[in-house]
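The values are calculated or read from the model by the stated rules, or taken from the named source; none is laboratory data. Everything quoted here is computed from the prediction, not taken from an experiment. All Cβ positions, glycine included, derive from the backbone under ideal geometry; neighbour counts span all protein chains shown.
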């Protein structure tokens, strides 16, 4: 029996498989000894087998109850996150859970509380914090190379809109899409958001409007440390996944470009042409997905704090809810007010 | 006597001299036959002489009353703009006037009205519209190459803050600094601003705060065509004058970089280093200052509409006032509401 | 027993381990069932075990003689390449061999001939052909987007010089370093080199000069299709591994930048600073190493020609020898003359 | 009478007019009081009048013999350069002369000698030394920021080939086009060229080949300080005037990009597109033409050495002749050998 750290995966959908394959290939100190999926079938079993994962089950409790398993990676549907966190925490497992913890803030808070009481680590899947560009910008901010941070600007645009059907159950642009950017804003500012003001429009797809959502948004932020910020989102940047961050401060400004497949430019009579941004999150954040899992494992093995914990997910969600309230009521909304309304 | 188009210059301060020298050197179809400055002195006389300008006077009316002079360029202090516009218009002169027309919207409107009734051209000094980068972005927008415009983003940061004394009489960041960006936003959107929401902070210089102003601001915008936008301003970007624009639409996104003195990069063990942005407006907009005057002369000679007229200056000023009100009242303010309050 | 394609690795040094780990992680259709190293020891055995490789042996013939093994990857020392190629070819194994085949062209040719007669595939480790940038430039050339190729320019500089001791046995800069660039030049030109002229100097390390070699070189090239080219090499670019290619033709020019760890720039009072190129080949060509092995496996499984075969290695080596002769005799040297001299 | 420095212009063709207008507009310390052109006509007279130049004559000696004129700018046809230099020098005038001094090296040398003996300044029109990018690279080299210079690389490609008729009398690609690059190479290396080796081809226009010239060339260089270099020329870069320089040394590498009309990029589904290089020398070196004249005037007024003197033009020409000899004889040619052959 190998001396590797043994874990289980809950959920064998797209992200579950991504994490599973990343861990199998890239995290040699870890061994996946079981995978659970509520829709376990032959295809999934064969896939697990090809990765030398001995157990493939339809019941996540087979993993949570397994004493050999020290940690679980939860990639099942959102509605199950909080329950699995609570069960795993009570069983003493460390937990990596895809965001969000729950569509209900209260239930999310309960899960966070249980994990805390159980003394297990809880990391959320805010993968962008592990991106090479954003990490380097944060490092420049953290080490004082941009001075006092004054403005945080985030551009975050998807290449193509989701279906209106998806939008209808997504929780809306702030919870479904901009939540990543609220997290990035807090990460880069090194400070909590205190107030938001949201402007939005339906400019991409009228069906999104009919579903009660918007597809284009600009949200301004105030942070506890005095900095201000702005995030812009669009559900459709036809040129690809546009993911840029700028942190401006008293000593300078750090910013990044989009990642591209290559740096080749072709100069012709028509101009000088280069590559578009990488299409979407699986390409753009390929290494960040590996990074977050590696970081989680390191936090366990070295017993350090996780890079992005349950409280982060909670704060991100409150910011998203406040943005929704701001848009609806057409006024700035403080985080304090929002928390009070939520009773949290 | 030459067949050149004869004009006079009112005001021989920094901008007045800049326009005078640009016209003398770069606009061969025009001859400056007089310059007026309320503080006319020997040094200014010699300077005028060196440029072969026959008349140097302390009284602007010497130019406005001169039948040979067909147009005037007003670069005197702001408080005199409206009066000179009115006098020149009544004398049938075409007018180029530095912005703003007046610190009072009502008085500005009157000047605009008089110029209109007199049938003379009135162009305002929003030089940035003539910048090579911003003009090209507008061209891409105007010709449909970015599709329907959805988001306009403007970064506009000065290299160093003005003195608190200046700030105290400047009209505040929105009227003194961001007014250029409101004009740029309207130019790029190809549409009027309908609503603004301002967030601000004092992060650069506490003295600016004591003078009742802010030094860092983010303003979100709604446009009549449905697009949304955002402007960020800082009174101090230590790396230089940061002037960037992005126009995002249904077919793509156009953006520019800052201008630099050269494109050289030096790769060493410490990294790859390039030039900072050009320091400030005289360097950055050197060609734009020539462009706006050239455009004004062309509009006269070809009898076409000026590129940026009195109405533009009026709309820009209302947006700036609305931003101030938004900041003060901590809520979004519509242009309609602001105009109603101003009685215009 | 799995249905995977079974292979063996010969040589467990740096490159051997790199290929082994890449195949284990990234090429799921292949299974490494044995690894041989003339200095097999406990550490290597444990490493092989950790990758689930059942056999670790000191004798490459244990792999070459194993009927389950269908292909071998030769990463042993250069002096053994030709012999292992010949043995493996006679045993009917497909062969991936690190460059060069041999320091003797004649022996290299013999190995190529044996592999050809045996009907096995022989791919050489010219990994740069699989780089994302260089592949895209080649694609633009191949598809006619740069028109008729007229000039090929290659910049290729190492971050730090090897020891003089290494240099003494390396075969010299042309065989040890520029051979990659001769291969790249032929790849990008889509044509064979017909003549070379070499200029060189000792500017980095006098010890390299004492060892009879140079450390800085510029070689001009003529190609069979009429194009001309130039390669510059330095043993020491203090800012990192400088690897750039430009292909210029009748319709335009394609070029690339160096890869960097991230695209972040920091603007301060001192200028705008970005990342240096990735340090050296293991970082820079990480994906290219995976790409070449993947391509080799695909060529076997689909029974297509390998991307870079024995003949390529032969032509590259003749070009390198001709460059050495050119430098020594201070005159241009044709490939035809060089081959004649070599009797090949 | 003004206290300005009085000069005369010889030659009112394209470059003569360019210098005349630049001086009139941009060099306030200088007054042009006469212009001579062998084909003086009404149109030229009117143009001179519009610039307030009192004298327009068909005879250059009217200027050279005028005691008020302290310096002349020679922009007449090449065959007249040496004679005008000699006459002007003997008359005690400082001289700015377009390159080359003469198609005969011997006659050029004589002119240089006469100017030297007369104690007048002689500057040649190697405008590129005054380009913002190349000057900054030189500054980085001169101040030791790239360390010991080891490699100088120059890319220099015209947007479109001249007519075969022009080519026939041009002196060939090395004297007509690459001479600028030999000058740039010497400037950047801070050292004299000692040897050249030329490779060339006819790839752009067969008519150029029929005229006995080539249209594509790569020349390698050795410098007296030990550095090596390479220049590539093409008569046709369809994407515009390609003018780049790289200086590589022991501490790093300095390089520049082409100048463009603006920095705007448009990202669409088709990629990210930017501007081509500025089309040709009048646009690309607009400021460099002003810079060289300004520098000439400063050298006179401050009595300092000119930035690029007759000896530079002589060395550049010898390098060009040596490259021609190298191409013809298919071997490297030293400058020493070339000078010996020329008897200089």
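Among (1) over 19 Å from residue D:277 (Cα atoms); (2) within 14 Å of chain A (Cβ to nearest Cβ), which single condition is residue D:179 missing?
Every listed condition holds for residue D:179 apart from (2).
Return the total of residues in the stretch B:70-85 being surrounded by fewer than 19 Cβ atoms within 10 Å (Cβ to Cβ) and in contact with a helix residue (DSSP H, G or I) (Cβ under 9 Å, 6 or more places away or on another chain).
Qualifying residue count for the region: 2.
Do we have any residue at all in the stretch B:19-41 that's more than 25 Å from the chain's Cα centre (by Cα), in contact (Cβ under 8 Å) with a residue 24 or more places away in the chain and either farther than 23 Å from residue D:53 by Cβ or surrounded by fewer than 17 Cβ atoms within 10 Å (Cβ to Cβ) (or both)?
Within the stretch B:19-41, one or more residues are more than 25 Å from the chain's Cα centre (by Cα), in contact (Cβ under 8 Å) with a residue 24 or more places away in the chain and either farther than 23 Å from residue D:53 by Cβ or surrounded by fewer than 17 Cβ atoms within 10 Å (Cβ to Cβ) (or both).
Pick from B:92, B:141: which is touching a helix residue (DSSP H, G or I) at 6+ places or on another chain (Cβ under 7 Å) and at positive phi?
Selected residue: B:92, the only one of B:92, B:141 that is touching a helix residue (DSSP H, G or I) at 6+ places or on another chain (Cβ under 7 Å) and at positive phi.
Considering only residues that are out of contact with any helix residue (DSSP H, G or I) (no Cβ under 6 Å at 6 or more places or on another chain) and outside any strand (DSSP E or B), which ones fall in the stretch B:248-258? Before the answer, list the steps.
Taking the stretch B:248-258 first, the residues out of contact with any helix residue (DSSP H, G or I) (no Cβ under 6 Å at 6 or more places or on another chain) are B:248-253, B:255, B:257-258.
Answer for the stretch B:248-258, where residues must be out of contact with any helix residue (DSSP H, G or I) (no Cβ under 6 Å at 6 or more places or on another chain) and outside any strand (DSSP E or B): B:250, B:251, B:257, B:258.
Residue check, residue B:156 against (1) more than 23 Å from residue A:200 (Cα to Cα); (2) more than 14 Å from chain D (Cβ to nearest Cβ), all met but one. Which one?
(1)
Suppose we keep only residues that are more than 16 Å from residue C:35 (Cβ to Cβ) and buried (at least 24 other Cβ atoms within 10 Å of the Cβ) within the stretch C:86-99. Which one would you say is farthest from the chain's Cα centre (by Cα)?
C:89
Residues that are closer than 15 Å to residue C:175 by Cβ, more than 9 Å from chain D (Cβ to nearest Cβ) and more than 21 Å from the chain's Cα centre (by Cα): does the stretch C:201-209 have at least one?
Checked against the condition, which is being closer than 15 Å to residue C:175 by Cβ, more than 9 Å from chain D (Cβ to nearest Cβ) and more than 21 Å from the chain's Cα centre (by Cα), the stretch C:201-209 yields at least one hit.
Condition check ((1) in contact (Cβ under 8 Å) with a residue 40 or more places away in the chain; (2) more than 14 Å from chain B (Cβ to nearest Cβ); (3) out of contact with any strand residue (DSSP E or B) (no Cβ under 9 Å at 6 or more places or on another chain); (4) crowded, with 23+ Cβ neighbours inside 10 Å) across all residues:
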residue	(1), (2), (3), (4)
C:288	yes, yes, yes, no
C:297	yes, yes, no, no
C:303	no, yes, yes, no
C:316	yes, yes, no, yes
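Identify the single condition in (1) more than 14 Å from chain D (Cβ to nearest Cβ); (2) crowded, with 20+ Cβ neighbours inside 10 Å; (3) closer than 30 Å to residue D:139 by Cβ that residue B:323 does not satisfy, given that it satisfies every other one.
Among (1) more than 14 Å from chain D (Cβ to nearest Cβ); (2) crowded, with 20+ Cβ neighbours inside 10 Å; (3) closer than 30 Å to residue D:139 by Cβ, residue B:323 violates only (3).
Only one residue in C:132, C:180 is closer than 20 Å to residue C:319 by Cβ and touching a helix residue (DSSP H, G or I) at 6+ places or on another chain (Cβ under 7 Å). Which one? If you could, list the steps in order and put the result at the bottom.
Values: C:132 fails: closer than 20 Å to residue C:319 by Cβ.
Just a single option satisfies the conditions, and that option is C:180.
Being more than 25 Å from residue B:288 (Cβ to Cβ), in the same structural domain as residue B:109 (by TED's automatic domain parsing) and touching a strand residue (DSSP E or B) at 6+ places or on another chain (Cβ under 6 Å) narrows it down to one of B:83, B:68, so name that one.
After applying the criteria, what remains is B:68.
Sort through C:11, C:16, C:58 and tell me the only one that's surrounded by fewer than 23 Cβ atoms within 10 Å (Cβ to Cβ), away from chain A (no Cβ under 14 Å) and within 19 Å of the chain's Cα centre (by Cα).
C:16
State all residues of the stretch B:188-212 that are crowded, with 24+ Cβ neighbours inside 10 Å and out of contact with any strand residue (DSSP E or B) (no Cβ under 6 Å at 6 or more places or on another chain); if no residue qualifies, say none.
Passing the criteria: only B:208.
In the list D:106, D:145, which residue meets the criterion of being over 30 Å from residue D:236 (Cβ atoms), at pLDDT below 95 and surrounded by fewer than 23 Cβ atoms within 10 Å (Cβ to Cβ)?
D:106
Tell me which of these residue D:263 doesn't satisfy, since it passes every other one: (1) out of contact with any helix residue (DSSP H, G or I) (no Cβ under 8 Å at 6 or more places or on another chain); (2) assigned by TED's automatic domain parsing to the domain that holds residue D:138; (3) without any contact (Cβ under 8 Å) to a residue 40 or more places away in the chain; (4) outside any strand (DSSP E or B).
(1)
Would you mind finding the one in A:213, A:312 that is more than 19 Å from the chain's Cα centre (by Cα) and more than 30 Å from residue C:251 (Cα to Cα)?
Going through A:213, A:312 in turn, the sole match is A:213.
Would you say residue C:186 is under 24 Å from residue C:338 (Cβ atoms) and assigned to a helix (DSSP H, G or I)?
The answer is yes for residue C:186.
When residue C:336 is evaluated against the numbered criteria (1) in contact with a strand residue (DSSP E or B) (Cβ under 9 Å, 6 or more places away or on another chain); (2) surrounded by fewer than 18 Cβ atoms within 10 Å (Cβ to Cβ); (3) within 14 Å of chain A (Cβ to nearest Cβ), which criterion, by number, is the only one it fails?
(3) is the only condition that residue C:336 fails.
Let's see how each residue does on (1) touching a residue at least 12 places away in the same chain (Cβ under 8 Å); (2) at the interface with another protein chain (Cβ under 8 Å from one of its Cβ atoms); (3) surrounded by fewer than 23 Cβ atoms within 10 Å (Cβ to Cβ); (4) under 27 Å from residue B:237 (Cβ atoms):
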| position | (1), (2), (3), (4) |
| --- | --- |
| A:244 | yes, no, yes, yes |
| A:254 | yes, yes, no, yes |
| A:277 | yes, yes, no, yes |
| A:292 | yes, no, no, no |
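Out of curiosity, is residue C:263 buried (at least 24 other Cβ atoms within 10 Å of the Cβ) and facing chain A (nearest Cβ under 10 Å)?
no
How about the stretch C:148-161: which of its residues are surrounded by fewer than 20 Cβ atoms within 10 Å (Cβ to Cβ) and out of contact with any strand residue (DSSP E or B) (no Cβ under 6 Å at 6 or more places or on another chain)?
C:160, C:161, listed by residue number.
Can you tell me how many residues within the stretch A:135-150 are within 18 Å of the chain's Cα centre (by Cα) and more than 9 Å from chain C (Cβ to nearest Cβ)?
Summing the residues that are within 18 Å of the chain's Cα centre (by Cα) and more than 9 Å from chain C (Cβ to nearest Cβ) in the stretch A:135-150 gives 1.
Sort out which residues of the stretch C:204-247 are in a loop (DSSP other than H, G, I, E, B), over 22 Å from residue D:231 (Cβ atoms) and out of contact with any helix residue (DSSP H, G or I) (no Cβ under 8 Å at 6 or more places or on another chain), and write them in order of number.
Within the stretch C:204-247, C:204, C:224, C:236, C:238, C:239, C:240 qualify.
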